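Below: the structure, in structure tokens.
The values are calculated or read from the model by the stated rules, or taken from the named source; none is laboratory data. Here the structure is a predicted model, which means the values were calculated and not measured. Methodologically, a virtual Cβ is constructed for each residue, glycine included, from the backbone with ideal geometry; neighbour enumeration extends over all protein chains shown.
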Amino acid sequence: MPAIPDTDLLERYEQNPVITAADIPFTCNTVFNGSPVKLGSEYLMLLRVEGQHGYSLFALARSQDGYRFEVEDRPVMAPVTEGPMARYEVAGIEDPRITVLEGRIYVVYTAFSGYGPVMSLATTEDFHTFERLGVISEPGNKDGLLFPRKVGGRYARLDRPIGNDVGSVWVSFSDDLTYWGDSRVVITPRQGHWDSYRVGGSAVPIETEDGWLEIYHGVKMTSGGPIYRAGAVLLDLDDPSVVISRSDVPILAPRTDYERVGDVGNVVFASGAVVEPDGMVKVYYGAADTAICVATAPLAEIIAVARAGRR
Ligand code: BMA
């Protein structure tokens with residue numbers, strides 16, 4: 001493959017990928033789109049593992065440094081076969097996103113079935129037992145992310161419904177995390193840009209003095225298929241339906257072999273971020289739907305790229 005100059009703000013960890021199917025202690029097809037959280041000094045990551053049967057479930061990985069992960073022996077959350085969620089999870093559970101909110105750990109995930117993807121919510125205390133709180137969207141919705149605190153007295157979330165074939169990020173509000181409304185479109189595809197086909201939220205919004213920093217994914221459709229890249233956008237702290245500014249250029253794009261080649265090539269799918277005390281951000285991403293990688297940049301520089309852009 002020809003070498004393409006790396007112009008991305010995010011710097012890849014030199015030993016990427018950090019987790020591949022070879023690190024999973026049970027038989028699987030691939031591992032990707034892991035959601036990280038740092039609790040004290042430990043990094044925990046819920047991994048989306050696609051089994052050889054073709055549907056996904058979640059495993060747990062732990063790390064002391066955010067780079068070297070140990071994956072637990074068994075899956076920690078799998079599609080249920082009984083109870084009210086069973087019919088919505090027959091095609092798997094995908095793309096978990098962890099938010100710590102008011103001291104509780106919430107996982108928003110995509111439940112897949114013949115009815116289409118729906119956003120679902122679960123909570124856990126130990127990352128081994130998950131209490132399902134139910135479906136929280138209509139079908140055709142993915143990329144659910146809970147804000148880490150209430151905004152204007154209400155819980156807030158980003159999600160990505162598809163209407164009229166257009167996938168945009170919306171913000172919605174709730175008093176109880178179950179019933180959501182006051183929905184408004186906030187981040188939309190931009191014609192002529194790297195994110196012209198579809199956009200979706202990637203990392204739990206990061207609160208900064210400049211606004212909520214959202215690391216999102218943008219898709220461009222080409223004759224060779226879609227290309228997934230990562231970007232950054234700032235949303236108003238008091239009213240996250242207002243975009244302050246958005247990166248004109250991606251902060252990470254597929255360039256390496258492990259991002260170009262895999263089950264779905266040309267994909268960097270950001271799926272979470274950890275802000276370190278020294279101001280560096282570790283952005284975790286799925287590479288080609290086949291491995292989990294990490295890339296870093298100073299928080300201030302990601303904000304600067306977002307601020308330099310237009311809306
Ligand atoms: C999106 C999601 C992700 C996946 C990406 C690239 O629609 O389904 O899980 O990583 O496509 O295939």
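Where residues in the stretch 117-137 are touching a residue at least 24 places away in the same chain (Cβ under 8 Å) and part of a loop (DSSP other than H, G, I, E, B), which of them is farthest from F269 (Cα to Cα)? Steps first, answer last, please.
Taking the stretch 117-137 first, the residues touching a residue at least 24 places away in the same chain (Cβ under 8 Å) are 117-122, 127-128, 130, 132-137.
Next, only the ones that are part of a loop (DSSP other than H, G, I, E, B) stay: 117, 127-128, 136-137.
Numbers: P117: 18, F127: 23, H128: 25, I136: 23, S137: 22 Å.
It comes out as H128.
Residues that are under 29 Å from P161 (Cβ atoms) and small (G, A, S): list the strands (runs of 3 or more DSSP E) wholly contained in the stretch 30-116 that include at least 2 such residues.
So the answer is 30-39, 56-63.
Is it true that some residue in the stretch 53-68 is at negative phi, touching a Ser or Thr at 6+ places or on another chain (Cβ under 8 Å) and more than 16 Å from the ligand (Cβ to nearest atom)?
Let us first name the residues in the stretch 53-68 that are at negative phi, namely 53, 55-65, 67-68.
Those left that are additionally touching a Ser or Thr at 6+ places or on another chain (Cβ under 8 Å): 64.
Within this subset, residues satisfying the condition of being more than 16 Å from the ligand (Cβ to nearest atom) are 64.
Within the stretch 53-68, one or more residues are at negative phi, touching a Ser or Thr at 6+ places or on another chain (Cβ under 8 Å) and more than 16 Å from the ligand (Cβ to nearest atom).
Go through G140, G200 for me and flag whichever is at pLDDT 95 or above, small (G, A, S), within 20 Å of the chain's Cα centre (by Cα) and under 26 Å from L237 (Cα atoms).
That would be G200, the only listed residue that is at pLDDT 95 or above, small (G, A, S), within 20 Å of the chain's Cα centre (by Cα) and under 26 Å from L237 (Cα atoms).
Step by step: first the residues of the stretch 203-218, then only those that are crowded, with 18+ Cβ neighbours inside 10 Å and more than 14 Å from P148 (Cα to Cα), then the one that is farthest from the ligand (Cβ to nearest atom). Which residue is that?
So the residue we want is I215.
Within the stretch 54-69, does at least one residue satisfy the condition of being over 18 Å from the mean Cα position of the chain (by Cα) and of a type in the set (A, V, I, L, M, F, W, C)?
yes
Pull up the stretch 6-47, narrow it to residues that are of a type in the set (V, I, T) and touching a Gly at 6+ places or on another chain (Cβ under 9 Å), then point me to the one that is farthest from the ligand (Cβ to nearest atom).
We begin by selecting, within the stretch 6-47, every residue of a type in the set (V, I, T); these are 7, 18-20, 24, 27, 30-31, 37.
Filter again for touching a Gly at 6+ places or on another chain (Cβ under 9 Å), leaving 18-19, 27, 30-31, 37.
Values: V18: 17, I19: 15, T27: 21, T30: 10, V31: 12, V37: 19 Å.
That would be T27.
So which residues in the stretch 152-163 are part of a strand (DSSP E or B) and loosely packed, with under 13 Cβ neighbours inside 10 Å?
Correct list: G163 only.
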